[in-house]
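The values are calculated or read from the model by the stated rules, or taken from the named source; none is laboratory data. Since the model is a prediction, treat every value here as computed from it, not as a measurement. No Cβ is skipped: glycine too gets one built from the backbone with ideal geometry, and neighbour counts run over all protein chains shown. All accessible areas refer to the heavy atoms of the entire protein, side chains included, with ligands and DNA or RNA removed. Shrake-Rupley method; radii C 1.70, N 1.55, O 1.52, S 1.80 Å.
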Amino acid sequence: MKIEQVEQVLEIAKTGSLSKAAKNLYLSQPSLSLSIKNLEQEFGSPIFERGTKGMSLTDFGTELVAVLQPLYNQISIIPQLFAVKKESDQMSFSMSNSHIKFAMNVFIELVNQFKINPSNYFCREALSGEILEDIASNRSDIGVLYIFNTTKSFMMKLFESKGVVYHKLLDDGYWIIIGPKNPLFHRNPHYVTLRDIEPYPLILYEEDYQSNLVTSFRNIPLKANTLIRVNNRASMTELVSSTDAVNIGARSHMPYQLTSFYPQLKAIELRDFHITQEIGWICRANYSPNEYARFFIDRITEITKESKTHPPLSKS
């Protein structure tokens with residue numbers, strides 16, 4: 001039985017007419033009739049009953065069509081599946097990012113660098129735990145995240161258990177990010193202490209609120225209703241730009257030094273803060289980066305090396 005004969009049987013069963021089926025299949029009626037007769041001889045059983053009102057399925061024919069129809073439906077979508085496969089073969093890159101602005105800057109560079117190529121991109125901002133799951137589950141190629149000194153040992157064990165490899169980029173202290181409505185913005189201090197920021201509302205990402213960061217403030221007499229919790233960078237940026245609020249642990253001062261994305265914000269070093277952080281990227285242990293991923297990895301490595309030669313931005 002050939003695929004053409006499958007289509008012929010189904011078309012005759014559908015139309016109930018040899019002549020109509022021949023017309024729809026662009027065949028002559030004698031050719032179609034001969035093909036069906038040959039098929040019936042092959043099976044040793046009639047498929048159709050021929051009558052004055054057309055052709056109807058025999059009991060055998062009914063059973064045969066019940067088997068052939070779903071098979072033919074699957075065969076008929078092969079061209080579509082092949083087209084999807086071609087699309088999936090386009091160059092692609094996916095990143096999960098823990099609110100780290102310079103990683104987003106590099107992602108933008110990547111899109112601009114390869115904009116003439118048919119490409120698929122995915123970018124997701126998430127908490128560190130979610131990023132780990134994105135990488136382990138193959139949802140993202142690269143994850144960029146920060147790690148506290150207080151949890152690093154645990155995180156390294158977690159990476160290993162998930163089949164994920166960690167690549168450190170840089171050590172980064174804590175910085176306050178402030179806007180022009182905060183008096184410290186105009187004083188341009190070289191650094192600030194926890195006491196210096198007590199009078200101002202404090203902005204924390206949700207993950208910070210649930211982590212060791214918030215415990216550092218329990219013994220500081222903050223004013224009532226001065227803790228502002230956010231879950232994305234856009235909210236943090238708008239609040240800092242429009243109020244005298246202070247953000248701590250802003251995922252590196254680098255975007256404020258090395259880019260013009262935040263011309264109205266300043267990063268000032270925060271001293272006497274016992275928690276430190278580092279920034280790095282993760283991938284699956286067996287991950288082989290394509291051209292896009294290699295570009296991204298090279299650029300974030302280059303940028304973090306450059307940051308070590310730039311003084312903190314506190315006077316501009």
task = Figure the gain on full extension for T276 and S19 (residue separation times 0.36 nm, minus the Cα-Cα span) and round it to one decimal in nm.
result = 84.3 nm
request  = Using a Förster distance of 30 angstrom, determine the FRET efficiency expected from the C-beta separation of S28 and Q74, and round it to 0.05.
outcome  = 0.55
message = Based only on Cα atoms, what mean projected area does the convex hull of segment 5-64 have, in nm²?
response = 3.6
Cα gyration tensor category, rounded, prolate or oblate, for segment 116-181 with a/c compared to 1.5 = oblate
task = Using R₀ = 41 Å, calculate the FRET efficiency as 1/(1 + (r/R₀)^6) where r is the Cβ-Cβ separation of I3 and D298; round to 0.05.
result = 0.25
ask   = How much accessible surface does F60 have with a 1.4 Å probe, in Å² rounded to 10?
value = 60
P(r), alpha carbons of segment 1-146 - 5 Å bins starting at zero, rounded % = 2, 8, 13, 13, 10, 6, 5, 4, 5, 6, 8, 8, 7, 4, 1, 0
key: Residues listed by number, segment 100-125, amide nitrogen under 19 Å from E238 label point at 7 Å toward C-beta   = 100-101, 125
Additional length obtainable on full extension of the chain from M156 to N231, 0.36 nm per residue less Cα span = 24.5 nm
query = Calculated FRET efficiency, N112 and S288, Cβ-Cβ r, R0 35 Å, to nearest 0.05?
reply = 0.90
request  = At a 1.4 Å probe radius, which order do Y292, Y191, Y121 fall into by accessible area, largest first?
outcome  = Y191, Y121, Y292
key: Probe 1.4 Å, all protein chains present, accessible-area order of R187, R124, R50, largest first   = R187, R50, R124
request  = Grab the Cα-Cα distance for Y191 and R50, subtract it from 0.36 nm times how many residues apart they are, and report the gain in nm with one decimal.
outcome  = 41.2 nm
task = Quick one: order I228, I12 from most to least accessible surface, probe 1.4 Å.
result = I228, I12
task = Largest first and to the nearest Å, give the Cα extent of segment 94-203 along each principal axis.
result = 48, 40, 22
ask   = What figure in square angstrom, to the nearest 10, would you give for the accessible area of K305 with a 1.4 Å probe?
value = 130
